[in-house]
Amino acid sequence: MRRIATVVLVGVVVALTGSTGQTQSPSNPYARDPKQPIDEAYTKKMKEYTTAAHFTSPLVDYLPASKTVPTPQAALGDVAGAPGKLPYAREVYAYMRMVEKASPRVKVYTIGRTEEDREMIAVAISSEANLAKLDENRARLAKLADPRTISLNDAEADKLVDQSVPVYYITGTIHSPETGSPTALMELVYRLAVDDSPYIQKIRNRIVTLVTPVVEVDGRDRQVDVYKWHLANPDKHWPSLIYWGKYVAHDNNRDAMAMTLKLTQNVLNTYVEWKAQVLHDLHESVAYLYDNTVGDGPYNAWLDPILTDEWQMIGWHNVSEMTKMGMPGVFTHGTFDTWTPGYLMFIAATHNGISRLYETFGNGGADTLERTLGPSDTARTWYKQNPPLPKAKWSQRNNNNYQQTGLLVSLNHFADNKNLFLKNFYLKSKRSILKAKTEGPAAYVFPGDDPRLGPQADLLRIMQLQGCEVSRATAPFTVMVPGRKRPARETTNDASASGRNGADGSDGSQEKPSGEKEKPSAPEARTFPAGTYVLRMDQPYSRIADTLLDYQYWAPDDPQRNPYDDTGWTFGELFNVKVVRVTDPKVLDAPMEAVKGVLTAPGGVNGTGSIFAVNHNADPSLATLRYKFKDAQFAVAEEPFDAAGQKFNRGSFIIRGVAADALGKAATELGLKVTALATEPTVKTHAIKAPRVAVMHTWLNTQDEGWWRLALDQLAVPFTYISTQNVSQDADLRAKFDVILFPPVGRGSAQQIINGMPMYGNALPWKKTELTPNLGTLDSTDDMRPGMGWQGMSNLQKFVRDGGLLITVDDTVNFAIQYGFTPGVSVTPAQRLKITGAVLRSKMVDAASPIAYGYDETLSIYSSDGPILGISNMIGGRGGRGGGGDTRRVTGRGTPDDADQPQGRAPSDPLPEDPRVEPWQAAPIRDEQLRNGINIIPPAQRPRVVLRYGDARDLLVSGLLDAGTEIAQRPMVVDVPVDKGHVVLFSNNPVWRGETQGSYFLVLNAILNFDNLDAGRKLDSR
Ligand SMILES: [Zn+2]
């Protein structure tokens, strides 16, 4: 949504903003309006569907009657929360529009479309007077949201606060199996529009409530299909919701950093354009209402403490009120740390508002069920004095009662304190602007001489999506920057240096701060060229920029033992883009202009000639270019070369058979610099095709592979989407595909990939039928249960032997190794290693491998407890450390450097020392092993390590890493030749949540060079 229609009302009733109508009685604040009749029939049904009196509240145990406004029954055929009733999004919207038609207190807005082109809406509810003056109110809120407009004048802000009505934004059912909020929100909208009780009137008069009843619209429609299938097949197991949105499932609530999904963009735009103060997201996974507003530590380190105080105030008030109403199981502290800023509701936290999230108790559908809870839910703790009951009959109506009661309590509290919260909103915005000169930094600087301007533009466009202003230097400028960055921490004992591993736990692999850290070097002056981008911190949304661009450190001994999500994400590192954190306030005086419109990287064709060269700098757009000109001739250089006075990296593209103007147009669009050459450069090359790619998924889980599909779609790299079941039925995969990507499954062992789901019970269809029109659109099957099977595995191995490339990642690496796809590669089980969604440093091992094209010596990557790999030159050989033999001497005569001497015989020549073997290398074959060397892998078939994990002392870039010595220096990306084909193993996850663009090209290189992966390889017979 870019613009909100102006509301035109004839005969506007002017009411004083903030007037509360009737006064709320102090002795019974929840009292109804005695003059307003209730809807007896509806109220009776609500009571019937509520399973116990304590599962409702005086706020929602009745429905006021209206002569004009239809109740949810008009759309549902029953009351909200009725058993068996789960409306599609369009039915929810139809109801909201019925209410809009009938009430001047309700307005419905389209806020955008989903990936599958379904509508998203927001419903505004407030008094007639407030709705009539929405634009004036918004103009005032905009000034509070950007205090630069009032010169940070507090007195002026106070006036605006007095005159303004805050906006409280509620979002429902982002998580599709959490099904209750749409009906709760339908009824809530009705109550807010109709109820004349003093409690509701106060909300209506003092607040604009904004509601998006369905956030994940594509997933909602699929979930309703599954529920309908369940109702039609009451005695059968029903298929689990394998797809939610088009790309990702549960992770749709982890997208608020990179903003890749439409739902995130649409909600953020709505939040920002309405200048809302709160974003309150509804979930269902905990009994009965966990208001995670207070949550648990560690809190995100970049937030204003004013917000964290608001969380305490609001959360505990919520618990207190609902406790007074006698509702069991309402609490606010616990479980959820607010470290990661990726959650949808966190959009408010990082944009000067208040983020909130409810977990209520849902049945995953609208069945009424007997529910039994475990001790962890039912134990009384200091923060849960009235815990949920061990056993209770639970209905969707109960869930709706809890959701609505909590929301009404919240809205009423917000109305009571509207000036406090508006003033805080202003103060947080103001302090975000002052941040540049108080806590700092003053700015983040994106140097104009970064060799990777395309990815730089991609990163800056994300900052623009976040609402940040970006400026561009119009002349060079010089500021002080920190000296060379030292490692975040060191290990007390770098196991790699001693040649011993930590398996016995005695090598002191605990990572403690060392006393002898390098001294940080003194700040130094640095000059940045014109064209450098500057993200100034003296702007209202500085905090989101600071959160994304700064480094994160999670102490391994933090009292929070279970991080809720990723612990590190530093965007400059993950995008492989240079970002400089500048604290010198002089940067704010540099000559610069604001960037207008969407930021792009410079691109186009320079020079003349019919041969075109494009430098390989790992800009993902290069892959887009290859597929865009599918029929042109593309070759890549196997060595660096010079041409037309420029240096080209290894892997650079040399293009023929394409028209200069067509190429120029594409290069401009993609931000790629192309050089036309009159003569062919003299360098060894090989051709690259536009390979036929398949993405393979299981029917166990599609969550993590969805991010891979999204990345390929964004890059316009075409692929065929297949399942492990397709593979089991196709004996000639090589005829169809050059490359099969097998992204992480996310759960499930290698055996589960083969076996699939248990075959007990009935078939689980996932397909489009009259009953389930929204299923089977991405992929379909008559039965989700069967896995790849042994036939499928055999077909997949044949695909590789026939010359195909199989790419495996994280847990599918284990699958490939366990089932013998990768001779010479082994996995070492982790002992104490803990990498919780962190950024680690990797190092180049074999820069001549095509997989490494375009990359430098080091690369930051995303990792989360990936497999610890080792390689060997022998089948059955154990990879990893120690393979090279221990060079320490045995007990005997002499000094540590002397040889021992058996007595009574002449001294013999000392044994030749084994060469030192690094943890990422295979031990060389020994003379003794060469005798009848059945298990020796021929040199050309041995695993080739392309990248390895960094050294222990500088492995960590951002986040939580504990016992890092276990994976330090181990192979990270390994290319295993198998007959005519290859298997490439990624121990890291190079494609994750749209945040890891810097490592995308490792995968793209593998794809583009699938038939030349041995290029640049040096063979060693030992
Ligand atoms: Zn959820």
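The values are calculated or read from the model by the stated rules, or taken from the named source; none is laboratory data. Keep in mind that what you see is a predicted model, and the values were worked out from it rather than measured. Note that we place each Cβ from the backbone using ideal geometry, even for glycine, and neighbour counts take in every protein chain shown. Note: accessible area is taken over every heavy atom of the protein model, side chains too, but ligands, DNA and RNA are not part of it. Shrake-Rupley method; radii C 1.70, N 1.55, O 1.52, S 1.80 Å.
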When every residue in region 555-570 that is of a type in the set (D, E) and open to solvent by 30 Å² or more (accessible area, probe 1.4 Å) is compared, the one farthest from I544 (Cα to Cα) is D557
Conditions (1) among the polar types (S, T, N, Q); (2) surrounded by 20 or more Cβ atoms within 10 Å (Cβ to Cβ); (3) farther than 19 Å from G326 by Cβ -> N401 fails only (3)
Within region 305-344, restricting to residues that are closer than 24 Å to Y426 by Cβ and hydroxyl-bearing (S, T, Y), the one that is least open to solvent (accessible area, probe 1.4 Å) is T338
Over region 110-154, the set of residues of a type in the set (S, T, Y) and surrounded by fewer than 21 Cβ atoms within 10 Å (Cβ to Cβ) is T110, T149, S151
Out of (1) open to solvent by 10 Å² or more (accessible area, probe 1.4 Å); (2) farther than 28 Å from G803 by Cβ; (3) part of a strand (DSSP E or B), the one V674 does not meet is (1)
If you go through L715, L700, the only one that is open to solvent by 10 Å² or more (accessible area, probe 1.4 Å), more than 30 Å from A635 (Cβ to Cβ) and under 21 Å from the mean Cα position of the chain (by Cα) is L700
Subject >> Condition met for G803 (assigned to a loop (DSSP other than H, G, I, E, B), in contact with a Gly (Cβ under 6 Å, 6 or more places away or on another chain) and modelled with pLDDT of 95 or more) >> reply: yes
Check: Just wondering, is there one or more residues in region 367-382 that are surrounded by fewer than 23 Cβ atoms within 10 Å (Cβ to Cβ), within 16 Å of the ligand (Cβ to nearest atom) and closer than 18 Å to S285 by Cα?
Finding: no
From the option list V224, V215, V211, single residue qualifying as open to solvent by less than 10 Å² (accessible area, probe 1.4 Å), β-branched (V, I, T) and within 16 Å of the ligand (Cβ to nearest atom) is V215
Restricted to region 247-263 and to residues being closer than 18 Å to T698 by Cα and surrounded by fewer than 24 Cβ atoms within 10 Å (Cβ to Cβ), the residue nearest to the ligand (Cβ to nearest atom) is H250
By residue number, the members of region 264-286 that are open to solvent by 10 Å² or more (accessible area, probe 1.4 Å) and within 16 Å of the ligand (Cβ to nearest atom) are E284, S285, V286
Residue hits (region 91-104; open to solvent by 20 Å² or more (accessible area, probe 1.4 Å) and touching a residue at least 24 places away in the same chain (Cβ under 8 Å)) are M98, A102, P104
In region 838-850, anything within 19 Å of G866 (Cα to Cα) and surrounded by 24 or more Cβ atoms within 10 Å (Cβ to Cβ) is listed as A838, V839, L840, S842
Scanning region 585-606 residue by residue, those open to solvent by 60 Å² or more (accessible area, probe 1.4 Å) and farther than 28 Å from S542 by Cβ turn out to be N606
Exactly one of T335, T323, T378 is modelled with pLDDT of 95 or more and over 19 Å from G406 (Cα atoms), and that one is T378
Per the list (1) within 16 Å of the ligand (Cβ to nearest atom); (2) in a helix (DSSP H, G or I); (3) of a type in the set (S, T, Y), residue check on T179 breaks on (2)
Look at H237 and say whether it is touching a residue at least 40 places away in the same chain (Cβ under 8 Å), part of a helix (DSSP H, G or I), surrounded by fewer than 22 Cβ atoms within 10 Å (Cβ to Cβ) and more than 16 Å from the ligand (Cβ to nearest atom). no
Scanning region 287-299 for residues that are away from the ligand (no atom under 16 Å from the Cβ) and either part of a helix (DSSP H, G or I) or open to solvent by less than 30 Å² (accessible area, probe 1.4 Å) (or both) gives V294, G297, P298
Restricted to region 165-176 and to residues being under 20 Å from H413 (Cβ atoms) and of a type in the set (A, V, I, L, M), the residue nearest to the ligand (Cβ to nearest atom) is I170
Within region 1-22, residues being modelled with pLDDT of 50 or more and either over 46 Å from the mean Cα position of the chain (by Cα) or among the acidic types (D, E) (or both) number 1
Among W302, W244, the single one that is within 14 Å of the ligand (Cβ to nearest atom) and open to solvent by 10 Å² or more (accessible area, probe 1.4 Å) is W244
- Answer yes if at least one residue in region 679-690 is part of a strand (DSSP E or B) and either buried (at least 19 other Cβ atoms within 10 Å of the Cβ) or touching a Phe, Trp or Tyr at 6+ places or on another chain (Cβ under 6 Å) (or both), and no otherwise. yes
Filtering region 158-176 down to residues that are surrounded by fewer than 23 Cβ atoms within 10 Å (Cβ to Cβ), touching a residue at least 40 places away in the same chain (Cβ under 8 Å) and either under 30 Å from N253 (Cβ atoms) or not β-branched (V, I, T) (or both) yields D158, L160, D162, Q163
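Per-residue answers, yes or no, for (1) open to solvent by 10 Å² or more (accessible area, probe 1.4 Å); (2) in contact (Cβ under 8 Å) with a residue 12 or more places away in the chain; (3) in a helix (DSSP H, G or I); (4) closer than 15 Å to I544 by Cβ:
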site: Y426; (1), (2), (3), (4): no, yes, yes, no
site: R431; (1), (2), (3), (4): yes, yes, yes, yes
site: P441; (1), (2), (3), (4): no, yes, no, yes
site: Y444; (1), (2), (3), (4): no, yes, no, yes
site: D449; (1), (2), (3), (4): yes, yes, no, no
site: Q456; (1), (2), (3), (4): no, yes, yes, no
site: R461; (1), (2), (3), (4): yes, yes, yes, yes
site: V479; (1), (2), (3), (4): no, yes, no, no
site: R484; (1), (2), (3), (4): yes, yes, no, no
Being touching a strand residue (DSSP E or B) at 6+ places or on another chain (Cβ under 8 Å), over 29 Å from L764 (Cα atoms) and at pLDDT 95 or above narrows V717, V693 down to just V717
